[in-house]
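Below is one structure, written out as structure tokens; comments come after it.
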Amino acid sequence: MEFKFTDEQLMIRDTAEAFVSEVSTSAAVRSAMALPDGYSADLWQQISTEMYWQALSIPEAMDGLGLGYVELAATLEQTGRFLLCSPLVATVALAVPAIRVAATEAQQQAYLGRILAGQVATLAYAGRQTHGNAIDVRATSTDQGIHLNGISRHVLNGQSADFVVVAAREIFADGEEGVSLWFVDCDSHGVAIKALPTMDQTRRLAEMQFDNLLLTPTQRLGGIAQCQRHLLDSILDLAAIAVAAEQVGGAQQALDISVAYVKERVQFGRTIASYQAIKHKCADMMLKAESARSSLYYAACIADEFLLGTISAAALAEAASITKAYSSEAFFFNAGCGIQLHGGVGITAEYDIQLYFKRANALQSFLGNASYHRERLAKQLLDSEVLS
Amino acid sequence: MKLRFSAADEAFRVEVADWLRDNLCGEFDVIRFRGGPGDEHSFVDERKAWERKLGDAGWTCIGWPKEWGGRAASIEQQVIFNEEYARAGGPGRIGHIGETLMGPTLIAYGSDAQKANYLPSIRSGDAIWCQGYSEPSAGSDLANVKTKAVFDEAAQVWHISGQKVWTSLAHESHYCFVVARTDLQAKGHKGLGFFMVAMDQPGVTIRPIEQLTGTSEFNEVFFDNAICTPGDIVGQPGEGWQVAMALLGFERGVSTLGQQMLFQNEFNDIVRLAKANGADRDPVLRQRIAEAHIGLRIMRYNTLRVLSGSDEGELSAEGMIYKLYWSSWHRNLGKLAMDVMGADSEILSAQPYELNRLQSMFLFTRADTIYGGTNQIQRNLIAERALGMPREPRGNS
């Protein structure tokens, strides 16, 4: 048992820290926020060619770097810490796990290959209900093929994606039944994409409308006609762990910039960092950031084991819900306290803490908020006969 | 980063579990899941006998060097031992202060004679130790001790006088380690000595403190010219603070994983109760039960990080939060237990004041956030040492 980074993992983390802190300064984030897609295409090109991060968790057999979720978490902790604006999370945390978990080998070669070449990909799974993950898109078989109809909302980086994995449901199916996953090119006839204005401007969401979109059976992930609900759950669990990594980084940075501020700010003749009311708040923030980090690293190890086939989907679900529930609240707590510690300047646009506050709220609701994940754990604990 | 234990460690796990299954039974059945904080007063004689049984089989002090009778067990093996011990319902270790605090301190700082005098009886499970740090005016401000140690040149002994408080198990202990002032002119952490004092002598009086649970595991200990030989001071006079702080450094160790298994047992009791009495259908209680589960799992992951060593090799941030984390979590678990019990939480098992385990846990968890450094002191330490924030100005005392 060795629950710490190896030297190689430390190097990956340090490289990510050095790169992101340089390219994702406050000024860079603010200029990215003003761009139509919410990120700089040049920077994404640099990330996907020089850093090659989209290849991190793609197996070597598929020409990726063959690293695991621990390395991915170490990297995304840094991108979250500096609010990096890019389609990296959509591509590596949503699309890549969908392809790895559900696609055939030939599909993996083709679509992971497109990602390796720098294409942006994402996952469209959410319906009109904002809680949970109800699917509104319907798949109907006709003589010509399969038609998709309906709307998928909250699609991360949907407006700039090259292709998307769409979760759909058979026309009369409900609940857990009849779920299927499809590769869709975003420029296909019958796909309309509308950018949604977002409170957190560092992270863009879109609405995808499918209007009699015609698909061939080869576009179905895995190519089989079985319900893929359980696969979608595991995909969302893997995605939630990656999002937790960004939350941990954000929680840490919200603490760090707040501590730096209170050490400078003088009132009543001394820095406010010397008052216990301030110190105790910061100590609580550190407890949250460190504990979220522990839950993340554990979940990342579990994700690797899941992808190797050595643990069950239920174990993955438990680890994902633990880290997503805790990290969501940790980041929000730290960002909220951070504003309070900044005093009046905390609510100005000029200071960065407000950006973390908005990001914290955005990530909290993404892929299920804390109470959603707690209820999921409560089902495991309370609604089964076996007590673990 | 890897979570799996080696095959050799898993074999060790089986060895521990088998031994406990074959030995924690019969006369020792009554002490399964007993003892420990909040229940320290229960089955003392049986737990002392159990301590000796562990000692005979080589299951005390397994992390100590072989030279002093330990097994030089790796961190992984100590983790496994503590987990299996708690899983089997092993009773709260009445010898834990000797094994986890006094012993390691002597191994690191004691003279050869002190090691030879004191380590074997801790290892065998015969000697019980207690801790003499806190005083009425030295609680959070631990350095403000008033207990005096005066050296009598003629008799060649130290005379110790003063009052200690919150001393767990004092009435069951053979020895107490006492921080006392050797330089009466000095203040704060200067001029202190660290003494090993025999409890069975005329100069030592013990008075139990009745707690909110109606039971007593804490005591007041009065020293009135208690005698201590010159060989029983660890370090030099004036070095007591350094030794006392080093001792506390041994406190955050692998035993915390055993503590977590006890917490897991309590949590499982609450889940069982919720399923039985319908509390599992209350959506708010479901959230709180899940939250407790999340909190306990993360406590374990925090500990695994601490035990694996920090990435930078210094006192790690995750190590500094441990006390604040578990005490707050356990306090919340206590209230959750009462809320899952519902109206029955108010009804005791028997007259005059017999609490069931969950009620006792609920009340005693209010001590968790106070002893061993209050939550407020923990937050000061985190802010000052981990976050580099300034100390608050001190008053004049």
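Throughout, read-outs are computed from the coordinates displayed, never taken from laboratory work. What you see is a predicted model, and the numbers here were worked out from it, not measured in a lab. Note that we place each Cβ from the backbone using ideal geometry, even for glycine, and neighbour counts take in every protein chain shown.
State, to one decimal in nm, how far the label point of B:Ala7 lies from the label point of A:Glu105, with both points 7 Å from Cα in the Cβ direction.
If labels sit at B:Ala7 and A:Glu105, their model points lie 2.9 nm apart.
Mind listing which GluC sites (Glu not before Pro) in region B:315-397 are in a DSSP loop and have 13 or fewer other Cβ atoms within 10 Å?
Values: sites: B:Glu318, B:Glu346, B:Glu354, B:Glu384; in loops: none.
Passing both the DSSP loop test and the Cβ count: no residue.
Using every pair of alpha-carbon atoms in region B:51-155, split the distances into 5 Å bins beginning at 0 and state the percent of pairs per bin, rounded to integers.
2, 11, 18, 19, 16, 12, 10, 8, 2, 1, 0
Using Cβ contacts closer than 10 Å as the measure, can you line up B:Phe362, B:Phe81, B:Phe151, A:Phe333 from fewest to most? Intermediate values should be presented prior to the final figure.
Numbers: B:Phe362 23, B:Phe81 26, B:Phe151 15, A:Phe333 19.
Ordered from fewest to most neighbouring Cβ atoms within 10 Å, B:Phe362, B:Phe81, B:Phe151, A:Phe333 come out as B:Phe151, A:Phe333, B:Phe362, B:Phe81.
Return one number: the angle in degrees, 0 to 90 and rounded to the nearest 10, between the long axis of the Cα atoms of helix B:255-277 and the longest principal axis of the Cα atoms of chain B.
Rounded to the nearest ten degrees, it is 30.
Grab the alpha carbons of region B:7-94, take their convex hull, and tell me the volume per residue in Å³.
Working: hull volume 8.0 nm³, N = 88.
Dividing the Cα hull volume of region B:7-94 by its residue count gives 91 Å³.
Quote the charge dipole size of chain B about the Cα centre in Debye, to the nearest 20; the model charges only the Cβ of Lys and Arg (+1) and of Asp and Glu (-1). Numbers along the way, then the final one.
Details: 41 positive and 50 negative charges, 190 e Å.
Computed charge dipole of chain B: roughly 920 debye.
Mind checking the full-extension length gain between B:Val30 and B:Ala108? Use 0.36 nm per residue of separation minus the Cα-Cα distance, one decimal, nm.
24.4 nm
With a Förster radius of 41 Å, plug the Cβ-Cβ distance of A:Lys379 and A:Glu22 into 1/(1 + (r/R0)^6) and report the FRET value to the nearest 0.05.
Details: r = 44 Å, r/R0 = 1.08.
E(calc), rounded to 0.05, equals 0.40.
For chain B, what is the Kirkwood estimate of the hydrodynamic radius, computed as the reciprocal of the mean inverse distance between distinct Cα atoms, to one decimal in Å?
On the way: mean 1/r = 0.0445 Å⁻¹.
After inverting the mean inverse Cα-Cα distance, the result is 22.5 Å.
Over all distinct alpha-carbon pairs, what is the Kirkwood Rh of chain A in angstrom?
On the way: mean 1/r = 0.0468 Å⁻¹.
About 21.4 Å for chain A.
Beyond 18 Å, what share of the Cα-Cα pairs of region A:214-271 is found? Please give it as a whole percent. The partial results should precede the final answer.
Values: 1070 of 1653 pairs.
Here the long-distance tail beyond 18 Å is 65 percent of all Cα pairs in region A:214-271.
If you take the square roots of the eigenvalues of the alpha-carbon gyration tensor of region A:7-120 and sort them as a ≥ b ≥ c, do you get rounded (a/c under 1.5), prolate (a/b over b/c) or oblate? List each step's numbers first, then the result.
On the way: a/c = 2.27, a/b = 1.41, b/c = 1.61.
Oblate shape, in that a/c is at least 1.5 and b/c is the bigger or equal ratio.
Given the pairs A:Lys324/B:Lys335; A:Lys324/B:Lys323; B:Lys53/B:Lys335; B:Lys48/B:Lys323; B:Lys164/B:Lys323; A:Lys288/B:Lys335, which are separated by over 31 angstrom at their Cα positions? Don't skip to the answer; put the middle values down first.
Details: A:Lys324/B:Lys335 25 Å; A:Lys324/B:Lys323 24 Å; B:Lys53/B:Lys335 36 Å; B:Lys48/B:Lys323 28 Å; B:Lys164/B:Lys323 23 Å; A:Lys288/B:Lys335 21 Å.
Table pairs above 31 Å Cα-Cα are B:Lys53/B:Lys335.
Cα to Cα, under 19 Å, and not fewer than 8 places away if on the same chain: which aspartates and glutamates meet these conditions relative to B:Lys146?
B:Lys146 reaches B:Glu135, B:Asp183, B:Glu220, B:Asp224, B:Glu239.
Cα gyration tensor of region A:224-359, axes a ≥ b ≥ c as square roots of the eigenvalues: rounded (a/c below 1.5), prolate (a/b > b/c) or oblate?
On the way: a/c = 4.29, a/b = 2.63, b/c = 1.63.
It comes out prolate by the Cα gyration axes.
In what sequence do A:Thr75, A:Thr142 fall when counting other Cβ within 10 Å, fewest first? Kindly include the intermediate steps, with their values, before the conclusion.
Numbers: A:Thr75 28, A:Thr142 9.
With the fewest neighbours first, A:Thr75, A:Thr142 line up as A:Thr142, A:Thr75.
Given a Förster radius of 60 Å and the C-beta distance between A:Leu10 and B:Val44 as r, what FRET efficiency does 1/(1 + (r/R0)^6) yield to the nearest 0.05?
Values: r = 49 Å, r/R0 = 0.81.
E between A:Leu10 and B:Val44, to the nearest 0.05, is 0.75.
Let's see if you can work this out: charge +1 on each Lys and Arg Cβ, -1 on each Asp and Glu Cβ, no other charges. What is the dipole magnitude of region A:229-382 about its Cα centre, in debye to the nearest 20? Mind showing how you got there, number by number?
Working: 14 positive and 14 negative charges, 92 e Å.
Result for region A:229-382 is approximately 440 debye, rounded to the nearest 20.
According to the Kirkwood expression over distinct Cα-Cα pairs, how big is the hydrodynamic radius of region B:255-386, in Å?
Values: mean 1/r = 0.0622 Å⁻¹.
Averaging 1/r across every pair of different Cα atoms and inverting gives 16.1 Å.
Shape call for region B:129-239 from the C-alpha gyration tensor, a ≥ b ≥ c root eigenvalues: rounded (a/c under 1.5), prolate (a/b greater than b/c) or oblate?
Values: a/c = 2.24, a/b = 1.42, b/c = 1.57.
Since a/c reaches 1.5 but b/c is at least a/b, the shape of region B:129-239 is classed as oblate.
I need the peptides B:274-282, A:312-320, A:213-221, A:281-289 ranked by packing, meaning the mean over residues of other C-beta atoms within 10 angstrom, with the highest value on top. Please list the in-between numbers first.
Numbers: B:274-282: 16.2, A:312-320: 19.8, A:213-221: 18.0, A:281-289: 24.7.
Ranked from most to least packed, the peptides come out as A:281-289, A:312-320, A:213-221, B:274-282.
Fewest Cβ neighbours within 10 Å first, please rank A:Tyr52, B:Tyr301 accordingly. Mind dumping the intermediate values first?
Working: A:Tyr52 14, B:Tyr301 24.
Final ranking by Cβ density, sparse to dense: A:Tyr52, B:Tyr301.
Would you please give the FRET efficiency between A:Ala260 and B:Arg357, computed as 1/(1 + (r/R0)^6) with r the Cβ-Cβ distance and R0 = 41 Å, to the nearest 0.05? Can you show the working numbers first?
Numbers: r = 47 Å, r/R0 = 1.14.
Efficiency computed from Cβ-Cβ geometry: 0.30.
Nearest 20 debye, what's the magnitude of the dipole of the protein assembly as shown about its Cα centre given +1 on Lys and Arg Cβ and -1 on Asp and Glu Cβ? Before the final figure, lay out each step's value.
Details: 69 positive and 92 negative charges, 320 e Å.
Using only the charged Cβ atoms, the result is roughly 1540 debye.
How big is the gap, in Å, between the Cα center of region A:20-37 and the Cα center of region A:208-261?
What the calculation gives is 23 Å, centre to centre.
Compute the semi-axes of the equivalent ellipsoid of the protein assembly as shown, taking the square root of 5 times each eigenvalue of the Cα gyration tensor, and list them largest first in whole Å. Present the calculation step by step, with values, prior to reporting the outcome.
Working: eigenvalues 594, 173, 110 Å².
Equivalent ellipsoid of the protein assembly as shown: 55, 29, 23 Å, largest first.
Would you calculate the separation in nanometres between label points at B:Asp22 and A:Asp185, each defined as 7 Å from the Cα along the Cα-to-beta-carbon direction?
7.0
Tell me, how many Å apart are the Cα centres for region B:234-304 and for region B:96-119?
If we compute the Cα centre of each part, the gap is 27 Å.
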